[in-house]
Amino acid sequence: MIAKPPSSMAGSIAISTGDAIIDADHAAFEVLIDEASTADDARLGTALARLRRHLVEHFEQEDVMMAETAFPAAVFHRGDHDKVLDRIDAAIADNAMGNRRAVRAFLEDELPVWFVGHVATLDAVTVHWARTGLLGF
């Protein structure tokens with residue numbers, strides 16, 4: 001089980017993939033999670049949309065890296081991306097229905113834990129593969 005990160009994520013994730021562009025995107029994502037988590041009800045929908053848009057753009061960059069390097073676990077990695085996008089879509093739908101408790105639980109508990117696990121495993125292995133052609137460390 002992965003420990004839950006602090007409630008304010010910005011700057012709290014001490015995980016670096018070693019790729020400056022990916023790591024900068026991850027830092028920006030932490031800020032967006034914080035912004036969404038602290039958004040008032042009127043701004044929550046906009047904050048969720050920004051989170052989703054950022055992830056889509058970031059995942060596209062990772063897709064290019066995986067394709068260019070023929071990453072052998074690309075289908076699995078993309079599947080994890082698809083799962084979190086589905087969860088964000090569910091949070092957007094929950095927000096539209098006024099179920100903010102579910103949205104806030106997702107933002108404060110589920111999404112940060114997913115993020116830490118994803119970066120520490122799939123992103124780290126993908127970057128390592130792109131640099132070395134090796135899956136192991």
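The numbers here are math on the coordinates, done by the rules we state, and not lab data. Source: prediction; values computed, not measured. Glycine gets a Cβ as well: all are built from the backbone with ideal geometry, and neighbour counts include every protein chain shown.
Descriptive notes on the structure:
- Surrounding net charge for residue 56, when Lys and Arg each add one and Asp and Glu each subtract one, Cβ distance under 15 Å: -3
- Evaluated at q = 0.11, 0.12, 0.16, 0.19 Å⁻¹, a Debye calculation over the C-alpha positions of the chain (equal weights, vacuum) places log10 I(q)/I(0) at -0.39, -0.47, -0.81, -1.09.
- Under Karplus coefficients 6.51, -1.76 and 1.60, residue-wise ³J(HN,Hα) of region 92-101 in Hz, glycine/proline x: 4, 5, 4, 4, 4, 8, x, 8, 6, 4
- Region 92-137 - Rg over Rh from alpha carbon coordinates, Kirkwood radius: 1.30
- Residue by residue, region 23-28 carries 3J(HN,Hα) couplings of 5, 5, 4, 5, 4, 5 Hz when phi is fed to the Karplus relation 6.51 cos²θ - 1.76 cosθ + 1.60 (θ = phi - 60°); x denotes Gly or Pro.
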